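The structure appears below as structure tokens.
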Amino acid sequence: MTCLPLQAARAVCRRSAMLATVAALSFAAPMAFAQSEDSITIGYAVSKSGPNAGGSDMTVTPNYELWVQEVNAAGGLKLPDGSQKMIEVIAYDDRSSAEEVVRAVERLATQDEVDFILPPWGTGFNLAVAPLMAKFGYPHLAGAAVTDKAPDFVKRWDTSFWFMGGSADYVDALTEILVAQREAGTINDRIAMISVADGFGIDLVKAARPAFEAAGFEIGYDKTFPPETSDFATILGEAGSAEADTFVAFSYPPHTFALTKQAKVAGFNPPVFYLGVGAGFPVYPNIAGGSVEGVMSLGGIDPDNSLNAAYRAKHEEVIGRAPDYWGSVLVYASLQMLGQSIERVGLDKAAVAKELSTGTFATVLGEETRLEDNQLRAINWVGQWQNGQFIAVSPDGGDGMAAVKLPKPDWQ
Amino acid sequence: MLEHIVNGLVLGGTYALVAMGLTIQYGIARIMNLSFGDTIIAACFATYLLFTTLNVGPLLALLVIVPAGYFLSLGVYRVIMKPLVDRAPDAGALEVDSILVTFGLLFVIQGVLLTVFGGGYTSYSFLNQPLSVLGTAVAVNRLLALALSLGIGAILVVVLYRSHWGMILRAVAVAPQSAPLFGIDTDRAARTAFAVGGALAATGGVVLSMFQTFTATGGVVFTMKALIVVILGGKGSVPGAIIAGLLLGLVETFVAAYVDPGLTLAAVYTVFLALLLVRPNGLFGKA
């Protein structure tokens, strides 16, 4: 709720807050509720409005929709006795509010009594619903949540599963590349780093500072910026005068896009140009207005992986646009694992959780996907735009990854 | 130093452009329009649609979207605001009523945009080329925002202070009760002012969409920024909105450059507070 910076408006604000609550209640009406014995009900609360809508709409919701559609088109979810049941969906809008998402999940568990609950988008929201999911015994497939605490969380909530790794994983993979490039003489030992003063940026930069310094890098410029920042002319100017060959920004999509545009305008082109969320969106080259060759970020895909290529084609066909190059495929894989667990052990939630924890699954990530300590570890940590695709990279390539190509070529 | 001034003015130009419409709606029509930012977002999406599907450039799109903003706002005033104006016993009551009704309108616009365009991030590239201004590379699209806000501001000032029509608008702004005694049709003046504000919001939306990423639900950010600029400049004052907008742009840029980019928001609110302590009615506001 935003309130007016006016003394006189204080009373009004209180009334507006009340209105917002009324609006919230009406917004939370279920979008579909037809429950029957012949179907499996799956519920979820995602941000369809508010500041998190952009992220949900990219990485989470389309994959839920795609998976449900595919399963139902094939006659429904298979059960151990060979029968099939169609999926019925109950979806709520959490309006990007943490209280709302908790309320919605509670409602799904106690009132709608759905068979399974799919998680919301974002680290904070997944943490917000994790205790509830555990309390009601639902397997919690945290698809779009980056956290270093996953090893602790799986102990605290043993039906929780984490599919996106932690900040340290992403930072360490990047550091490895930077060290190799420094040894090859491509870059110097200075880094300019900025981060958004919000969940993702704070987590990543906290992991990055010690990792970069331990690897012998000097962070010449290290600043955070508020999420509302829309103009990066000054920040990039200052970062540019830090004499660093590596520029790292842990940013959200609006900043990622603005940083790219501003870097082109200012002719800012360091050998390593690494950005946060958004650089792995398929629309990114379009938004940047031309070639983004060499830009690095989190995620990346193996272009020779036919399973992944088939998934991307299907996503485009059903949803009408391509999935992102980072979290989408992980979220989708988590759903496939849920489906296969149900096929093996039925609708018992505890049995499904156990199967998820110990089983081996055929997913878009590979024929033999399995979790380690309830966490997915086979993740691509660093990606780079190469020839119009955002590809997973490592210092020398191999193992489904390409060799990183640095220095980044000029903006065109 | 010079580059920070240039960058600050360019950033401030955007703020000023966004705030001018709101200050006119608030100052003259006395409607505190909380759906102002969503009008801007609607214009952003309209520009995006014209650009990506019909290949109509944003500059050409101004010719369509600005009149559309004018007439849609005119419609909104006639249908939604007029009954409130007729009913309100005094200006304070109208302000409260208009806040409530435009708060609802905000959700309607947002809902329509969400249904049509979805909740994703939208952005495109247009005129994102560097132009050297006093040795600083500035994006042409941002420079355009500054030029437009100064240009439109100048035109508005001339019209408001040098024309008969402008005098009528100012009379309504200063003394809405007394203006009818001089044969002024206050309803018509308020209606026109509200529509002009809508046209300015549309202009802001078209220009902003060229360099800023927008989402269907991001309107409130623009409303807040515009509100700060309006209150800082003095409600209803076009020169106030321009100067306050440029001031905020400069403050943000200098704080980002010399103090810390993380403190830009804090600095903006500090300036806001400090100025209101000294001048409670804003820079150009009248008590």
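The values are calculated or read from the model by the stated rules, or taken from the named source; none is laboratory data. The structure displayed is predicted, hence computed values, not measured ones. Methodologically, a virtual Cβ is constructed for each residue, glycine included, from the backbone with ideal geometry; neighbour enumeration extends over all protein chains shown.
A few notes on this one:
- Which numbered condition A:Asn126 fails, given (1) in contact (Cβ under 8 Å) with a residue 12 or more places away in the chain; (2) more than 15 Å from A:Phe200 (Cβ to Cβ); (3) in a helix (DSSP H, G or I); (4) of a type outside the set (A, V, I, L, M, F, W, C): (2)
- For the range A:24-31, the condition holds for at least one residue, the condition being that it is closer than 17 Å to B:Thr217 by Cβ, more than 13 Å from every other protein chain (Cβ to nearest Cβ) and either exposed (fewer than 15 other Cβ atoms within 10 Å of the Cβ) or modelled with pLDDT under 80 (or both).
- When A:Tyr138 is tested against (1) surrounded by fewer than 23 Cβ atoms within 10 Å (Cβ to Cβ); (2) touching a strand residue (DSSP E or B) at 6+ places or on another chain (Cβ under 6 Å); (3) assigned to a loop (DSSP other than H, G, I, E, B), exactly one condition is not met: (1).
- In summary, helices (runs of 4 or more DSSP H) completely within the range B:188-287 and bearing 2 or more residues that are buried (at least 24 other Cβ atoms within 10 Å of the Cβ) and not hydroxyl-bearing (Ser, Thr, Tyr) occur at B:219-233, B:238-254.
- Summed over the range A:279-297, residues that are crowded, with 19+ Cβ neighbours inside 10 Å, of a type outside the set (A, V, I, L, M) and closer than 22 Å to A:Met193 by Cα total 5.
- For the range A:192-204, the set of residues classified as surrounded by fewer than 24 Cβ atoms within 10 Å (Cβ to Cβ) and free of Cβ contacts under 8 Å to residues at least 60 places away in the same chain consists of A:Ala197, A:Asp198, A:Ile202, listed by residue number.
- Test: B:Asp86 is assigned to a helix (DSSP H, G or I) and within 21 Å of B:Ala171 (Cβ to Cβ): yes
- Flag for B:Leu169 being out of contact with any strand residue (DSSP E or B) (no Cβ under 7 Å at 6 or more places or on another chain) and farther than 18 Å from B:Ile41 by Cα: yes
- Selection within the range A:150-165: residues that are farther than 25 Å from A:Ile342 by Cβ and in contact with a strand residue (DSSP E or B) (Cβ under 9 Å, 6 or more places away or on another chain). The member of this set that is surrounded by the fewest Cβ atoms within 10 Å (Cβ to Cβ) is A:Pro151.
Yes/no matrix, rows are residues, columns are (1) within 13 Å of another protein chain (Cβ to nearest Cβ); (2) not in a helix (DSSP H, G or I):
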{"position": "B:Ala93", "(1), (2)": "yes, no"}
{"position": "B:Asp97", "(1), (2)": "yes, no"}
{"position": "B:Val101", "(1), (2)": "yes, no"}
{"position": "B:Phe107", "(1), (2)": "yes, no"}
{"position": "B:Gly119", "(1), (2)": "yes, yes"}
{"position": "B:Tyr124", "(1), (2)": "yes, yes"}
{"position": "B:Leu131", "(1), (2)": "yes, yes"}
{"position": "B:Trp165", "(1), (2)": "no, no"}
{"position": "B:Ala171", "(1), (2)": "no, no"}
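- Counting residues in the range B:144-152 that are of a type in the set (A, V, I, L, M, F, W, C), without any contact (Cβ under 8 Å) to a residue 60 or more places away in the chain, within 14 Å of another protein chain (Cβ to nearest Cβ) and surrounded by 14 or more Cβ atoms within 10 Å (Cβ to Cβ) gives zero.
- Hey, B:Tyr77 of a type in the set (Phe, Trp, Tyr), buried (at least 24 other Cβ atoms within 10 Å of the Cβ), out of contact with any strand residue (DSSP E or B) (no Cβ under 7 Å at 6 or more places or on another chain) and within 14 Å of another protein chain (Cβ to nearest Cβ) or not: no
- Filtered by the rule that a residue be among the hydrophobic types (A, V, I, L, M, F, W, C) and either in contact with a helix residue (DSSP H, G or I) (Cβ under 6 Å, 6 or more places away or on another chain) or in a loop (DSSP other than H, G, I, E, B) (or both), the range A:172-190 gives A:Ala184, A:Ile187.
- Some residue of the range B:45-56 being outside any helix (DSSP H, G or I), within 11 Å of chain A (Cβ to nearest Cβ) and modelled with pLDDT of 90 or more: no
Here's the yes/no breakdown for (1) closer than 23 Å to A:Pro51 by Cα; (2) more than 9 Å from every other protein chain (Cβ to nearest Cβ); (3) under 20 Å from the mean Cα position of the chain (by Cα); (4) without any contact (Cβ under 8 Å) to a residue 40 or more places away in the chain:
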position: B:Gly218; (1), (2), (3), (4): yes, no, yes, no
position: B:Val221; (1), (2), (3), (4): yes, no, yes, no
position: B:Leu248; (1), (2), (3), (4): no, yes, yes, no
position: B:Ala256; (1), (2), (3), (4): no, no, no, yes
position: B:Val259; (1), (2), (3), (4): no, yes, no, yes
position: B:Ala274; (1), (2), (3), (4): no, yes, no, yes
position: B:Val278; (1), (2), (3), (4): no, yes, no, yes
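- Selection of the range B:1-38 for residues being under 23 Å from B:Ala216 (Cα atoms) and under 10 Å from the mean Cα position of the chain (by Cα) yields B:Thr14, B:Tyr15, B:Ala16, B:Leu17, B:Val18, B:Ala19, B:Met20, B:Gly21, B:Leu22, B:Gln25, B:Phe36, B:Gly37.
- Annotation: of all residues in the range B:133-143 being touching a strand residue (DSSP E or B) at 6+ places or on another chain (Cβ under 9 Å) and assigned to a helix (DSSP H, G or I), the one that is farthest from the other protein chains (Cβ to nearest Cβ) is B:Leu143.
- Any hit, the range A:212-227, residues being farther than 23 Å from B:Leu11 by Cβ and surrounded by 22 or more Cβ atoms within 10 Å (Cβ to Cβ): yes
- A:Glu238 vs. criteria over 26 Å from A:Ile379 (Cβ atoms) and either at pLDDT below 90 or among the charged types (D, E, K, R) (or both): yes
- Which listed residue, of A:Asp152, A:Asp169, is part of a helix (DSSP H, G or I), out of contact with any Asp or Glu (no Cβ under 7 Å at 6 or more places or on another chain) and free of Cβ contacts under 8 Å to residues at least 40 places away in the same chain: A:Asp152
- Positions within the range A:239-269 being part of a loop (DSSP other than H, G, I, E, B) and either out of contact with any Gly (no Cβ under 8 Å at 6 or more places or on another chain) or at the interface with chain B (Cβ under 7 Å from one of its Cβ atoms) (or both), in sequence order: A:Ser241, A:Asp245, A:Gly267, A:Asn269
- Enumeration of residues in the range A:197-218 that are more than 16 Å from A:Ala173 (Cβ to Cβ) and touching a helix residue (DSSP H, G or I) at 6+ places or on another chain (Cβ under 6 Å): A:Ala197, A:Gly199
- The set of residues in the range A:172-229 being among the hydroxyl-bearing types (Ser, Thr, Tyr) and under 26 Å from the mean Cα position of the chain (by Cα) consists of A:Thr175, A:Ser195, A:Thr224, A:Thr229.
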